[in-house]
Every structure is written in structure tokens, then in C-alpha cells.
Amino acid sequence: MKTRCEWAGTDPLYIKYHDNEWGIPLHDDKKLFELLILEGAQAGLSWLTILKKRHNYRKVFNNFDPEIIAKFDSAIIEKILSNKGIIRNKLKIKAAIQNAGAFLNIQKQFKSFDAYIWQFTGGKPIKNAWKNQKDIPSKTKESIAMSIDLKKRGFKFTGPVICYAFMQATGMVNDHFVDCFRYQEL
């Protein structure tokens, strides 16, 4: 039996996400963009809810291609809002479109979103040593700095808590519990 972070629970989808994705350092711009949008969509909801709808999000948002998403107009927004396979929140959908444009601007300025976003951890993962869920902060000085800078650049749904969840998901921080089998692997 593998010891996992307690939040992974027993849902097979959550376990798969924990074991194969969460906390692995990510440097692919398109995948970073996807997780940033999904973290924003998750605001106020459970991550499992988003994971269950992830396939539909990929369809609706053209596999998270920021160049296509940045051009979405009101007709496309209305079509998206009729899709029951995603969270139908107009503010979050509009934010995803706005974020796509801001993302493209960062790529132009920094050559990649990866180069930009990893500067908040000095280009390498921060390795924490948490023993249980209550020890893990909901935000850090790094996620606050990231949030401030993303908002300055026009991003929406990128508060410090969302940014910290993004940092955890993309492996910018290793927040696996010390007794989790993934902790030492990462």
C-alpha cells in the first residue's frame, strides 16, 4: 500500500491526479495555461469537481490554445455558457478569455510563460516538509507576489490562494506530505 497525501482520498480520479500530475515541476506553457485557467474555474468549488469536468473544458477551450481563446467573442461565450459539462460562470469564462490575451503578452515579453512564472520561486521548486493538511498554508509570500504581478498584467481569478494552488499543482512547491511516496520522488 502506498502512503499518499490525505487529500487524495479514495476517488480513483483524484488518486490518479495526485500520483501522476500534482506537484510535478511543469514547464510546458500550454499545460501551465490550462492549470491556471482551471484553478480560476475552481474558485469556490472542489478540485475534484474541476477534474471531473476537465475533458469538457479542453473541448470548450480548444485544448487550452490561448491564441484561439483570446479571440472568443460574445457568441462563443453564449455557446460556452450553454455547455453543462463545465462550470457555467460568465465571469470565469470571460476571465479565461482575458487571461489568454494576458498570457500571450507575457510570452512575447519573456519568450515563454514558463520563464516568467518560475521566477516567483527562483526557477526551482520550493521543497516544504508538511506532515498534515492543517500545516499547509493557503497562500505564501511567493503566491502573493505572483498574484499582484499577474493582476497588474491583466489577469483575473488569480488571487494569492488560487496562485498557491497553481504553484502546488505545477510543482513550483513540493507540498506532498513527508510520508507520501511522491515527496521523495519529487
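With a Förster radius of 22 Å applied to the beta-carbon distance between Asn62 and Asn105, the computed FRET efficiency rounds to 0.70.
With the simple spin-label model, which puts each label point 7 Å out from Cα in the Cβ direction, the Ile77 to Lys151 separation comes to 2.1 nm. Residues Ser112, Ser147, Ser82, Ser138, arranged from fewest to most other Cβ atoms within 10 angstrom of their Cβ, appear as Ser82, Ser138, Ser112, Ser147. Counting 0.36 nm for each residue step from Val161 to Lys2 and taking away their Cα separation leaves a gain of 54.4 nm. So what's the angle, to the nearest 10 degrees on a 0 to 90 scale, between helix 47-60 and the longest Cα principal axis of the chain? The helix 47-60 is inclined about 40 degrees to the chain.
When its C-alpha radius of gyration is set against 2.2 N^0.38 Å (N residues), the chain gives a value of 1.01.
Our helix-only sum for the chain, with -39,500 (n - 2.57) per DSSP H run of n ≥ 4 divided by its residues, gives a mean residue ellipticity at 222 nm of -16000 deg cm²/dmol. This ranking places Cys5, Cys163 by how few other beta-carbon atoms lie within 10 Å of each, fewest first, which gives Cys5, Cys163. Net charge of the neighbourhood of Asp135, taken over other residues with C-beta under 13 Å away and scored Lys/Arg +1, Asp/Glu -1, is -1. For Asp179 and Gln119, the FRET efficiency from 1/(1 + (r/R0)^6), where r spans their Cβ atoms and R0 equals 45 Å, is about 0.90. The mean sequence separation of alpha-carbon pairs under 8 Å and at least six residues apart, normalised by the residue count of the stretch 10-185, gives a relative contact order of 30 percent. In a DSSP loop and with at most 12 other Cβ atoms within 10 Å, the trypsin sites (Lys or Arg not before Pro) in the stretch 102-186 are Lys111, Lys131. Panel order for Ile87, Ile148, by other beta carbons found within 10 Å of each beta carbon, from fewest to most: Ile148, Ile87.
Can you compute the label reach from Leu186? Point 7 Å from Cα along the Cβ direction, backbone N cut-off under 14 Å, restricted to the stretch 137-170. What the label zone holds, given the 14 Å backbone N cut-off, is 137, 164-170.
Each value in this text was obtained by applying a stated rule to the coordinates, not by laboratory testing. Everything numeric in this text was worked out from a predicted model, so none of it was measured. All Cβ positions, glycine included, derive from the backbone under ideal geometry; neighbour counts span all protein chains shown.
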